[in-house]
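Colleague: Pasting a structure here, questions to come.
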Amino acid sequence: MDTITFAIESSCDETSAAVLKNGNVISHVVSSQYFHKKYGGIVPELASRAHVQLIDEIASRCLDDSGMMRKDISLVAATMGPGLIGSLLVGSNYAKGLAMALGVPFMGIDHIESHLYSCFIGKDEIEFPFIALVVSGGHTILFLAESYSSYKILGNTHDDAAGEAFDKVAKMLGLEYPGGPLIDKIAQAGDAGFHRFPKSNIKSNPFDFSFSGIKTSVLYYLKKNYGSDLSALPLNDIAASFQAAVTGSLIEKTIKAAKDHNIKIIAVSGGVSANSGLRNGFSEYEKKGYRIYFPEKIYSTDNAAMIGYNAYLKFKAGLLSETEKTILQNAYARFSY
Ligand code: KG4
Ligand code: ZN
């Protein structure tokens, strides 16, 4: 029998729904809250209110696009964290309500783990072990993935996440939020060798990251050389040089982790995995025998397809947790009068 998974993602500023048939995405809708741009970053309360307004429309549109009926759904999943608490509550409660109404299991899904598996959406099989770099606006984590739900954290960031550094440097350059995609775009016409921003190394753990040093050095470089006159900035070259420093550090540490663990499979995911410099840099290692997986670009940034895919993998492996079963039983007990 087919497993039809209906998934919701609402952890930050994307309201998204997806329908998957046996792990294959058959419809997918993502709506991004662009209004945060004028505040220069995400305003949590406004984000959750916008989710409330949109969630039913997005969910219904996604189901319509899939050609499925509500009664066809076998499993409902939603992001439970990490993320903005108000935003998470909107999506997870909507999904729980739907699961209760339909009498199907609900699965609360981890956002970071879902990014990790987003690389394999549409692929036939996932081969363990592999090294996973999850690099987003809130996290920069290097994992050794040994099996479904068995991961060792090899490294983490000591300060900013890589995406956060992209966004903050973009702001210094006068670019809109979120600045990562804009830096990526203008860096393509720039010279990465224009200036060498320092890559930081953490002595206590070679797999840990730090991006606040690179960010501060961009700030001092701009102040020293251009003062407050942004019009004279060689934007493309600075963007390219900054991007090279960040992606260089991500690639070096990931490859070192792969070498040290004698692993040739690498999966790179999260919003920053959309970056073309990062994709090009890693592709060099394919020539050296590494198998490098990136998500399709639509699955790099936040999306419900990865939540549904992760839920399906767990469901198939029989990993429906006791909490989830209890939520269901309690819900049915309350509704069966
Ligand atoms: O995974 P994501 O959508 O949300 C979080 O879970 O954080 O990641 C968003 C982050 C933002 O910081 C954004 O600037 C960054 O990913 N990002 C990029 C690119 N596309 C998104 N950074 C660099 N280059 C890109 N092309
Ligand atoms: Zn994310």
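Colleague: Measure nothing but the geometry: give the 0 to 90° angle between the long axis through the Cα atoms of 162-172 and the longest principal axis through the Cα atoms of the chain, rounded to 10°.
Modeller: Once rounded, one gets 50 degrees.
Colleague: Normalised by the residues of the chain, what does the relative contact order come to in percent, with Cα pairs under 8 Å and at least six apart?
Modeller: About 21 percent, as a whole number.
Colleague: A further question follows. Taking only C-alpha pairs under 8 Å that are 6+ residues apart, what is the relative contact order of the range 72-216 in percent?
Modeller: It comes to 16 percent, rounded to a whole number.
Colleague: Report relative contact order for the range 126-294 in percent, whole number only (criteria: Cα-Cα under 8 Å, sequence separation at least 6).
Modeller: Once divided by the residue count of the range 126-294, the mean separation gives 27 percent.
Colleague: Return the long-range amide H neighbours of residue 293 (sequence gap of 5 or more, or a different chain), with a cut-off of under 5 Å between placed amide H atoms.
Modeller: Those qualifying (amide H under 5 Å, at least 5 residues apart or on another chain) are 266, 267, 268.
Colleague: List the lysines whose Cα sits under 27 Å from the Cα of residue 256, skipping any in the same chain fewer than 8 residues away.
Modeller: 123, 152, 199, 203, 215, 264, 287, 288, 297
Colleague: Could you work out which residue, out of 290, 177, 312, moves most in a Gaussian network model of the chain, that is, has the largest mean-square fluctuation with Cα springs under 10 Å?
Modeller: Sorting by GNM fluctuation, first place goes to 290.
Colleague: For helix 322-335, report the angle its Cα long axis makes with the longest principal axis of the Cα atoms of the chain; keep it between 0 and 90° and round to the nearest 10°.
Modeller: Result, in degrees: 40.
Colleague: Rounded to whole Å, give me the distance from the Cα center of the range 140-190 to that of the range 263-312.
Modeller: When both Cα centres are located, 13 Å separates them.
Colleague: Using the Karplus curve 6.51 cos²θ - 1.76 cosθ + 1.60 with θ = phi - 60°, what ³J(HN,Hα) values do you get for each residue of the range 20-36, in whole Hz, with x for Gly and Pro?
Modeller: Coupling constants for the range 20-36: 10, 10, 6, x, 9, 6, 10, 7, 7, 10, 10, 10, 9, 8, 5, 5, 5 Hz.
Colleague: Most fluctuating residue of 160, 208, 260 in a GNM of the chain with Cα springs under 10 Å: which is it?
Modeller: 260
Colleague: Note down the nm distance, to one decimal, between modelled labels 7 Å out along Cα→Cβ at residue 110 and at residue 286.
Modeller: Distance between label points: 2.9 nm.
Colleague: Something else about it: When the helices in the chain are scored as -39500 (n - 2.57) per DSSP H run of 4 or longer and the sum is shared across all residues, what 222 nm value do you end up with, to the nearest 500 deg cm²/dmol?
Modeller: Counting only the DSSP helices, I get -14000 deg cm²/dmol.
Colleague: Take residue 57 and residue 297, extend 7 Å from each Cα along the Cα→Cβ direction, and tell me the distance between the two endpoints in nm.
Modeller: Calculated label separation equals 2.6 nm.
Colleague: A further question on this structure: In the Gaussian network model of the chain, springs joining C-alpha atoms below 10 Å, which of 31, 136, 92 carries the largest mean-square fluctuation?
Modeller: The residue with the greatest mean-square fluctuation here is 31.
Colleague: For a quick check: sort 261, 28 by the number of other beta carbons within 10 angstrom, fewest at the front.
Modeller: Sorted ascending by nearby Cβ count, the order is 261, 28.
Colleague: Please identify every one of the GluC sites (Glu not before Pro) in the range 103-140 that sits in a loop by DSSP and has no more than 16 other beta carbons within 10 Å of its own beta carbon.
Modeller: Passing sites in the range 103-140 are 125, 127.
Colleague: Hey, can you grab everything whose amide H is under 5 Å from the amide H of residue 154? Only 5+ residues off in sequence or another chain; H modelled, so Pro and N-termini drop out.
Modeller: 142, 143, 144
Colleague: Helix 44-66 versus the longest principal axis of the chain: what angle, 0 to 90°, nearest 10, using Cα atoms?
Modeller: Around 60 degrees separate the two axes.
Colleague: Where in the range 21-46 does the label zone of residue 148 land, with the point 7 angstrom along Cα→C-beta and an amide N cut-off under 17 Å?
Modeller: Within reach of a label on residue 148: 21-25.
Colleague: Amide H neighbours of residue 77 under 5 Å, counting only residues 5+ apart in sequence or on other chains, H built in-plane at 1.01 Å?
Modeller: 6, 7, 8, 107
Colleague: Another question about this same structure. Mind listing the phi-derived Karplus ³J(HN,Hα) values for the range 119-125, rounded to whole Hz, using 6.51, -1.76 and 1.60 with θ = phi - 60°, and x for any glycine or proline?
Modeller: 4, 9, 4, x, 8, 6, 9
Colleague: Quick one: what are the phi-derived ³J(HN,Hα) couplings along the range 235-252, Karplus 6.51/-1.76/1.60 with θ = phi - 60°, whole Hz, x for glycine and proline?
Modeller: Once θ is set to phi - 60°, the couplings for the range 235-252 become 3, 4, 5, 5, 4, 5, 5, 5, 4, 5, 5, 5, 5, x, 5, 4, 5, 4 Hz.
Quick note: the coordinates plus some simple rules give every number you see, no bench work behind them. Here the structure is a predicted model, which means the values were calculated and not measured. As a convention, Cβ positions derive from the backbone with ideal geometry for all residues, glycine included, and neighbour counts pool all protein chains shown.
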